[in-house]
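Data block below; observations after.
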Amino acid sequence: MKQLALVVPCYNEAEVLRETHTRLLEIVSQLIEAGRISSDSLIYFVDDGSADTTWSLIEELSATHAHTAGIKLSRNCGHQRALLAGLLHVEGDAVITVDADLQDDLAVIPEMLDAFSNGKDVVYGVRKGRESDTAFKRNTALAFYRFMHLMGAEVVDNHADYRLLSRRAIEHLKQFGETNLFLRGIIPLLGFPSGKVFYERHERHAGVSKYPLKRMLSFALDGITSFSMVPLRLIGIMGMAIFCVTSAMSAWVLAVALLGDSAVPGWASTVLPTYFLGGVQILCLGIIGEYLGKMYAEIKARPRFIIEQTTR
Ligand code: UDP
Ligand code: MG
């Protein structure tokens, strides 16, 4: 029988943790009773440097309940790294990552296991609709997925980080040493057989989102710059086009100045290229700078997380 591990990243989730634990434990117990998973299957809560009572709650739940364990990161490393810490730490033939806030429907876990039993190494949880999200989040998410496809990155639409990975998939995931972690871009690169299960996304059970706009934007930028060279290439193409136009303009200016007898003191033709090229150059520098910064972070290759403590 296969051992299942559930990895739940938690950042200041004290308000919802008890409920999440109760529901997960119920599912794990049912699956064990039904003989679907082995009795050493575990729920791992990864405390991502919470400032509230999350860790003491995790310690309490681990001490008082079966199938419950915790991992404490030494500081807040972010959702993606907390997920990775869990994935790389836990044992288990199959590992499911799921958010702590009960937005992802836990009822599809047996379906994920079915797909796993049928030979899928990766099972993506895909949201059927986004009614529970604000219109803003829905639209920005849609734009993001469109843009990612346009940029040539392979991502599964409407899939966040609710997924099952097989032991084999996790072993290979270890070879991806990136600092700017964007798991939903990396997992499809594993190339293993994959399946999807569809679910309705609920409202957050309690507490508030830990992804304010600033974090969302930086996460989206990570996704784009980690998986696509297209922006850099566009700069090259744009540079070439601008070079052609400005070369023609220069030839025209020279011709008027040297051959004609009426060199018109052109205001527009002086000012426009200055403004335009200034803007283009700064934009290009910004894009190049973004990649350069990412490279800087990658080259330093600092540890992506540090586990301070575990409950077992
Ligand atoms: N999370 C984390 N570290 C962070 C931010 C978030 O471990 O720095 C966890 C959080 O506790 C939750 C999951 O990541 O379990 C998703 O975060 P959240 O629900 O706030 O994001 P949203 O669903 O609003 O995009
Ligand atoms: Mg959430």
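Since every read-out is calculated from the coordinates, none of them should be taken as a lab result. Source: prediction; values computed, not measured. Because the Cβ atoms are built from the backbone with ideal geometry, glycine has one as well, and the counts that use them run over all protein chains shown.
Among ILE237, GLY266, LEU292, pick out the residue whose Cα is farthest towards the positive end of the charge dipole of region 237-312, where Lys and Arg carry +1 and Asp and Glu carry -1 on C-beta, about the Cα centre.
LEU292
Report the charge-dipole magnitude of the chain in Debye, nearest 20, computed about the Cα centre from +1 at each Lys and Arg Cβ and -1 at each Asp and Glu Cβ.
700 debye
How large is the charge dipole for region 165-312, taken about the Cα centre, if only the Cβ atoms of Lys, Arg (+1) and Asp, Glu (-1) carry charge, to the nearest 20 debye?
With Lys and Arg at +1 and Asp and Glu at -1, about 960 debye.
Give me the distance in nm between label points sitting 7 Å out from Cα along the Cα-to-Cβ direction at PHE198 and VAL256, one decimal.
Distance between the two pseudo-spin positions: 6.1 nm.
Please compute the Cα-Cα pair-distance distribution of region 55-97 with 5 Å bins starting at 0, giving whole percents from short to long.
Spelled out bin by bin, region 55-97 gives 5, 19, 25, 25, 19, 6 percent.
List the lysines whose alpha-carbon lies under 21 Å from that of LYS72, not counting same-chain residues fewer than 8 positions away?
Excluding near neighbours in sequence, the set is LYS174, LYS210.
What are the GluC sites (Glu not before Pro) within region 142-233 that DSSP puts in a loop, where the Cβ has at most 16 other Cβ atoms within 10 Å?
Hits after loop and neighbour filter: GLU154, GLU200, GLU203.
Averaging the inverse of every distinct alpha carbon separation and then flipping it gives the Kirkwood radius. What is it for region 194-312, in angstrom units?
Evaluated on region 194-312, it is 20.1 Å.
Can you pull the percent of Cα pairs in region 64-127 with separation above 20 Å?
38 percent
Could you work out [θ]222 nm for the chain from helices alone, using -39500 (n - 2.57) per DSSP H run of at least four and dividing by all its residues? Round to the nearest 500 deg cm²/dmol. If you can, show how the numbers build up before the last one.
Details: 10 runs with 160 residues, N = 312.
Dividing the helical sum by the residues of the chain leaves -17000 deg cm²/dmol.
Take peptides 300-310, 5-15 and line them up by average Cβ neighbours within 10 Å, highest first, as a rough protection proxy.
The peptides rank, most packed first, as 5-15, 300-310.
Which residues' amide hydrogens lie under 5 Å from the amide hydrogen of VAL197, considering only partners 5 or more residues apart or on another chain, with H built in the peptide plane?
Under 5 Å from the amide H of VAL197: TYR124, GLY125, VAL126.
Take every DSSP beta bridge whose two residues both sit in the chain, then give the antiparallel share in percent to the nearest 5.
Once the DSSP bridges in the chain are tallied, antiparallel ones form about 35 percent.
Given the options LEU272, LEU87, LEU17, state which has the largest fluctuation in a GNM of the chain using a 10 Å cut-off (strictly under) for Cα springs.
The residue with the greatest mean-square fluctuation here is LEU272.
Taking every pair of alpha-carbon atoms in region 47-202, give the share separated by more than 18 Å as a whole percent.
When every Cα pair of region 47-202 is considered, 64 percent fall beyond 18 Å.
What is the distance in Å between the Cα centroid of region 53-125 and that of region 269-295?
Distance between centres, Cα-based: 43 Å.
Looking at ILE96, ALA66, GLN3, which one has the Cα that reaches farthest to the positive end of the dipole of region 1-119 (charges on Cβ: Lys, Arg +1; Asp, Glu -1)?
GLN3
Averaging sequence separations of C-alpha pairs under 8 Å and six or more residues apart, then dividing by the length of the chain, give the relative contact order as a whole percent.
Worked out over the chain, it gives 23 percent.
Pull up all non-local amide H partners of LEU6: gap of 5 or more, or a different chain, and H-to-H distance under 5 Å with H placed in the peptide plane.
Excluding prolines and chain starts, which carry no amide H, the hits are LEU42, ILE43, TYR44, ILE96.
Efficiency by 1/(1 + (r/R0)^6): what FRET value for THR64 and ALA34, r their Cβ-Cβ distance, R0 = 25 Å, to the nearest 0.05?
0.55
Between LYS174 and ARG215, what length comes free when the chain is fully extended (0.36 nm per residue of separation minus the Cα-Cα distance, one decimal in nm)?
Full extension from LYS174 to ARG215 adds 12.3 nm.
Sticking to Cα atoms, compute the Rg of region 1-131 to one decimal and its Dmax as the biggest Cα-Cα distance, whole number, in Å.
For region 1-131, the Cα-based Rg and Dmax read 14.2, 41 Å.
On each of the three principal axes of the Cα atoms of region 10-68, give max minus min coordinate, whole Å, ordered largest first.
Largest first, region 10-68 extends 39, 18, 16 Å along its Cα principal axes.
Could you work out the mean projected area of the convex hull around the alpha carbons of region 248-312, in square nanometres to one decimal?
Answer in nm², one decimal: 8.1.
Give the Kirkwood hydrodynamic radius (Å, one decimal) of the chain, defined as one over the mean of 1/r across all pairs of different Cα atoms.
Result for the chain stands at 22.1 Å.
Using the C-alpha atoms of region 33-109, what convex hull volume per residue, in cubic angstrom, is computed? Kindly include the intermediate steps, with their values, before the conclusion.
Working: hull volume 8.5 nm³, N = 77.
About 111 Å³ per residue, rounded to a whole number.
Show me the helices of the chain, taken as full DSSP H stretches, that run 27 Å or more along their long axis by Cα and average -1.0 or above in Kyte-Doolittle hydropathy. Mind dumping the intermediate values first?
Numbers: long enough: 14-33 (29 Å, 0.12); 230-259 (43 Å, 1.97); 268-300 (47 Å, 0.85).
TM-like helix candidates: 14-33, 230-259, 268-300.
With unit charges on the beta carbon (Lys/Arg positive, Asp/Glu negative), name the residue among GLN30, TYR275, PRO188 whose Cα is farthest towards the positive pole of the charge dipole of the chain.
In the chain, that residue is TYR275.
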